[in-house]
Amino acid sequence: MAKTILVVDDDELVRIALNELLRPEGYEVHPVPSGAEALKKLDQNDYDLLMLDVIMPEMDGFELCKQIREKENYRETPIVFLTAKSRDEDRDEGIEAGANLFLSKPISPDKLLQIVSDTIG
Amino acid sequence: MFIPLFRDWKIRTKLISVTLFVVLVPLLCVAFLSMDRFGKALKNASDEDLEHLVRSVYSMCKVHQEEVQEKGQIVHFLDEEIKEIKVGDTGYVYIIDTEGVLKIHPAKVGENIFDLRDSSGFRYIRAMITDALALGNGEVGTIRYPWMNPELGEKSPRQKINKYIYFRPWNWIIVAGTYEDEIYRSLYETERFIILMGLAALALVLILTLTLSKVLTKPIQELTDVTTKMVGGDLSQRVITRSADEIGVLGVSFNRMIGQIQHYTSDLEKMVEARTGELKESREKYRNISRFLNNVLDSATVYAIMALDFCGNIIEFNRGAEKLFGWKKEDVLNNKNISITILPADRKKGIQEEMSKRTRSEGVCELEMYRVRKNGERFPAHTTITAIKDLSGKATGFVEIVRDITLRRSLEKELRETKEFLENVMESSVDGVLTTDLKGKITYQNRAMEEILGYPKEEVLGGHISRFYVRGIQQAKDVMALLQKEEMAVNYEMEVKRKDGEALTILTSLFLLRDEETNVIGTAGIFKDITEQKRLEAKLKATQASLVEASKMRALGELVAGVAHELNNPLMASQTILHVIFKNLPDDYPERERLEIIRKCNDRIEKIVEHLREFSRQTKPEFKEIDVNQPVENALIITGQQLLNHNISLVRRLSQDLPKVIGDSNQLEQVFLNLISNARDAMDETTGPKELTILSYMREYEGPPMVVVSVQDTGEGIPEENLDKVLEPFFSTKPVGKGTGLGLSLCFGIIEAHGGRLEIESQHGNGTEIKILLPAKASGKE
């Protein structure tokens, strides 16, 4: 069964690109534009990997990450931040919020694929 | 009493009075005596005539009584007879009986006139009948009464006289009456004659007396006239001497005397004339002076001018005094003492006596004191008292001139206060103030000036201003010329030297001093030592520039971060999609090369964004106490091979005993890397020797100690027009793609964050030196 990845980003271009990149590799990708929708999706499906943007309207990625980690069945699920933020403090905050990885945009597609496959095989 | 009176009479009067006395009095006595006697005799004669008439009628009646029996006939006969009788002009005889009935009367026979009244209302008929009845036989009675007969046109009563007799047989009263003046006429005529004769005699005597007196007094009168004329000043008159008597002799000698007098008088007159001229002149002069003095007195309304007698009583009081003291001239003149204008307290102290004493001994006494007005108001006054002296030099009184000096006092006070105020202002001014006369001699210098130049007041006063000037007398002349031309110079900058020789930059405002007639009498200047200010200003300017630069950088940092962030998503999307496309394309896809170009574009964009992010990285530097040589060495390790590759020789002189600085080693390393690579690039095109010099040393002058790292190249240098742009982001002279124009900007930002600064010195063609200055860690500081 294909691994399922939830992509949360308010930028449609990013959602499309990630979908295009990951789907051919055999992953099932569910892109959503906001934290609220992400939380909804989380209840409907079981995801193997969560890719979160940080800067989003209403609920930012850090907040979303914290809420996800509060869910019983997502305590261990790998969470990767993919964000334009690159400062060390941001990285620290992301890890603090419960993420496993903090990636700065832009990131080369190859590297990203490598990380995904390393994480969820 | 009479004698002296008589003595004073004129001779004529004397003669007349004597004559009158001697001639007239006896004459009058004789006249009166004779008139009296004569009058009486005549009167008796007249009375007797009348009486006689009555008696004749009486005897007629008696005769008829004896001859004829019948009374009626007799009456008729008698009537005829009696009517014939006239007494005087209007007098007549009539008969009444004792009842008052007229028996015989020229006009009114049968009328009863018993109660007839005379003009005074007296019933004279009644009285007459009573008297007649009482008379003895043959006796005649007399009655006088006033009577007016209006029928004859008489206006006033005349005295009438009646003689009557009682004829008993027939009970008749025979009356003869007439006006007295008629029967006394002759008497009156005689009297008149005597009076006339008397008057004639009197007139004659008078005429004679007058003539005599005239004859006697005429020469005397003439003498008197001449004398009177002489007295009146006419000496040409002479007495005419007609006779050789005593008066004639007198006249001759009198004339001689006049001659003498005339002679003397003419001499005297000449003298008098001359003297009169002089007197007139001097009197005119005196009058002018007096008028002038009066004018002075009255027009000196500001000065109270008073004359006092020896005891201080006021004897003159001009209008000014009235105005000043409030007393009226008429109230004080010869009535009040000057003490009314002196304060009671002063009076008690005996100031008046003191003033008087001083005036007498020194001739004048001048002092300032309080005086008092009529209403009790006091005022400060200046008084001058001088003594009035008589011809012998003895003081007889004083003249006092008093002036109200309230205004002067207040002006003086104001002036004093203003002066003190100005002196205080001057002395407490932080700016130097200095004045000179026209020749440049210093006339005043305030405390601040003393401090600025270091010369004490006593040393400079009177000295020449040029000693302060760096260029000496020439500078003084220049300043004066400028002032003459411009009147004043505001914020004029010049160089002066202190006493200790130090040159100062002075900001001065200079102006000309003028007297009331606007003549230039000197110069004045306000000086401000701006040496320190100048230095600070230069520093401030530099600081300001770097601050502006810094804030510009911060704003730019934010902008760049925003741009980089916004570019991230599309860039990532673009790269990802391109990656997918490449993966799906067959290897021989003809458009692959074009897509490859797009990927290169993406890579370039990514690199720029990367650089931008680095530039705008907001990570805080991690400050530690470091040796600044450490990051320099690190940078050189990284770039050493590159420099060799570019044939650049390296000169490295790093001071080993530098104090530590507080800094982020990584960031500083980045800075030096940047500077070194810039130097390397700058020397790429150079044909001459390529040399990179790196120095580190301490700079301890000008402010707090700094550690300096200098990076010098021998490149072409920065053109002057670019010098102020090199720190701006995106300014680059490197070929496109080789530099982002952010290197120096980045360095600047980092150094600024370290509290240091960056100095660039470059001359086109002679290479560039960039100094990084970092504050040395002061000992004792953490």
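The values are calculated or read from the model by the stated rules, or taken from the named source; none is laboratory data. Quick caveat: nothing in here was measured; it's all calculated off a predicted structure. Methodologically, a virtual Cβ is constructed for each residue, glycine included, from the backbone with ideal geometry; neighbour enumeration extends over all protein chains shown. With ligands, DNA and RNA removed, areas are computed over all heavy atoms of the protein, side chains included. Shrake-Rupley method; radii C 1.70, N 1.55, O 1.52, S 1.80 Å.
When only residues in the range A:53-72 that are open to solvent by 80 Å² or more (accessible area, probe 1.4 Å) and acidic (Asp, Glu) count, which is nearest to the other protein chains (Cβ to nearest Cβ)?
Among those that are open to solvent by 80 Å² or more (accessible area, probe 1.4 Å) and acidic (Asp, Glu), it is A:58.
I need the full set of residues from the range B:741-755 which are touching a residue at least 60 places away in the same chain (Cβ under 8 Å) and open to solvent by less than 40 Å² (accessible area, probe 1.4 Å), in order please.
B:742, B:743, B:744, B:745, B:746, B:747, B:748, B:749, B:750, B:751, B:754
In contact with a Gly (Cβ under 8 Å, 6 or more places away or on another chain) and at pLDDT below 80: which single residue out of B:91, B:72 fits that description?
Exactly one of B:91, B:72 is in contact with a Gly (Cβ under 8 Å, 6 or more places away or on another chain) and at pLDDT below 80, namely B:91.
Residue A:81: within 14 Å of chain B (Cβ to nearest Cβ), within 27 Å of residue B:602 (Cα to Cα), assigned to a strand (DSSP E or B) and not aliphatic (A, V, I, L, M), yes or no?
For residue A:81, the condition - within 14 Å of chain B (Cβ to nearest Cβ), within 27 Å of residue B:602 (Cα to Cα), assigned to a strand (DSSP E or B) and not aliphatic (A, V, I, L, M) - is met.
Of the residues that sit in the range B:570-588 and are closer than 22 Å to residue A:25 by Cα and not in a helix (DSSP H, G or I), which one is farthest from the other protein chains (Cβ to nearest Cβ)?
Out of the qualifying residues, it is B:587.
Among the residues of the range B:102-113, are any closer than 30 Å to residue B:188 by Cβ and assigned to a strand (DSSP E or B)?
No, because not a single residue in the range B:102-113 is closer than 30 Å to residue B:188 by Cβ and assigned to a strand (DSSP E or B).
Anything in the range B:386-407 that is open to solvent by less than 50 Å² (accessible area, probe 1.4 Å), modelled with pLDDT of 80 or more and in contact with a Phe, Trp or Tyr (Cβ under 9 Å, 6 or more places away or on another chain)? List them, or say none.
Those that are open to solvent by less than 50 Å² (accessible area, probe 1.4 Å), modelled with pLDDT of 80 or more and in contact with a Phe, Trp or Tyr (Cβ under 9 Å, 6 or more places away or on another chain): B:387, B:397, B:398, B:402, B:405.
Can you confirm whether residue B:593 is among the charged types (D, E, K, R) and free of Cβ contacts under 8 Å to residues at least 24 places away in the same chain?
Yes; evaluated as a whole, the condition is true for this residue.
Kindly check whether there is at least one residue in the range B:226-244 that is in contact with a Ser or Thr (Cβ under 8 Å, 6 or more places away or on another chain) and open to solvent by less than 70 Å² (accessible area, probe 1.4 Å).
Yes.
Among all residue pairs at least 6 apart or on different chains, which show Cβ distances below 8 Å where the first residue, located in the range B:129-156, is open to solvent by less than 90 Å² (accessible area, probe 1.4 Å) and the second is in a loop (DSSP other than H, G, I, E, B) and of a type in the set (Phe, Trp, Tyr)?
Short answer, once both residue conditions are applied: B:129/B:114; B:145/B:122.
Could you tell me whether residue B:439 is in contact (Cβ under 8 Å) with a residue 40 or more places away in the chain, assigned to a loop (DSSP other than H, G, I, E, B) and open to solvent by 60 Å² or more (accessible area, probe 1.4 Å)?
no
One line per residue, one yes/no per condition, for (1) in a helix (DSSP H, G or I); (2) hydrophobic (A, V, I, L, M, F, W, C); (3) open to solvent by less than 30 Å² (accessible area, probe 1.4 Å):
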{"residue": "B:32", "(1), (2), (3)": "yes, yes, no"}
{"residue": "B:40", "(1), (2), (3)": "yes, no, no"}
{"residue": "B:50", "(1), (2), (3)": "yes, yes, yes"}
{"residue": "B:54", "(1), (2), (3)": "yes, yes, yes"}
{"residue": "B:57", "(1), (2), (3)": "yes, yes, yes"}
{"residue": "B:81", "(1), (2), (3)": "yes, no, no"}
{"residue": "B:96", "(1), (2), (3)": "no, yes, yes"}
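To keep it simple, each residue is scored yes or no on (1) charged (D, E, K, R); (2) touching a strand residue (DSSP E or B) at 6+ places or on another chain (Cβ under 6 Å); (3) within 10 Å of chain B (Cβ to nearest Cβ).
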site: A:15; (1), (2), (3): yes, yes, yes
site: A:106; (1), (2), (3): no, no, yes
site: A:109; (1), (2), (3): no, no, yes
site: A:115; (1), (2), (3): no, no, no
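Give the residue, chosen from B:129, B:125, B:143, that is under 30 Å from residue B:185 (Cβ atoms) and in contact with a helix residue (DSSP H, G or I) (Cβ under 6 Å, 6 or more places away or on another chain).
Matching residue, one of B:129, B:125, B:143: B:143.
Looking at the range A:19-30, which of the residues that are under 14 Å from the mean Cα position of the chain (by Cα) and free of Cβ contacts under 8 Å to residues at least 60 places away in the same chain is nearest to the other protein chains (Cβ to nearest Cβ)?
My answer is A:19.
Do we find a residue being within 14 Å of chain A (Cβ to nearest Cβ), buried (at least 17 other Cβ atoms within 10 Å of the Cβ) and outside any helix (DSSP H, G or I) anywhere in the range B:606-616?
There is at least one residue in the range B:606-616 that is within 14 Å of chain A (Cβ to nearest Cβ), buried (at least 17 other Cβ atoms within 10 Å of the Cβ) and outside any helix (DSSP H, G or I).
Would you say residue A:42 is crowded, with 18+ Cβ neighbours inside 10 Å, more than 14 Å from every other protein chain (Cβ to nearest Cβ) and on the phi < 0 side of the Ramachandran plot?
Considered against the rule, which asks whether it is crowded, with 18+ Cβ neighbours inside 10 Å, more than 14 Å from every other protein chain (Cβ to nearest Cβ) and on the phi < 0 side of the Ramachandran plot, residue A:42 comes out as yes.
Being farther than 28 Å from residue B:702 by Cβ, open to solvent by 70 Å² or more (accessible area, probe 1.4 Å), free of Cβ contacts under 8 Å to residues at least 24 places away in the same chain and over 42 Å from the mean Cα position of the chain (by Cα), is that true of even one residue in the range B:489-504?
The answer is yes, given that some residue of the range B:489-504 is farther than 28 Å from residue B:702 by Cβ, open to solvent by 70 Å² or more (accessible area, probe 1.4 Å), free of Cβ contacts under 8 Å to residues at least 24 places away in the same chain and over 42 Å from the mean Cα position of the chain (by Cα).
Could you tell me whether the range B:445-452 includes any residue that is exposed (fewer than 15 other Cβ atoms within 10 Å of the Cβ), of a type in the set (A, V, I, L, M) and at pLDDT 85 or above?
no
Where residues in the range B:442-467 are assigned to a strand (DSSP E or B) and not β-branched (Val, Ile, Thr), which of them is nearest to residue B:522 (Cα to Cα)?
B:444
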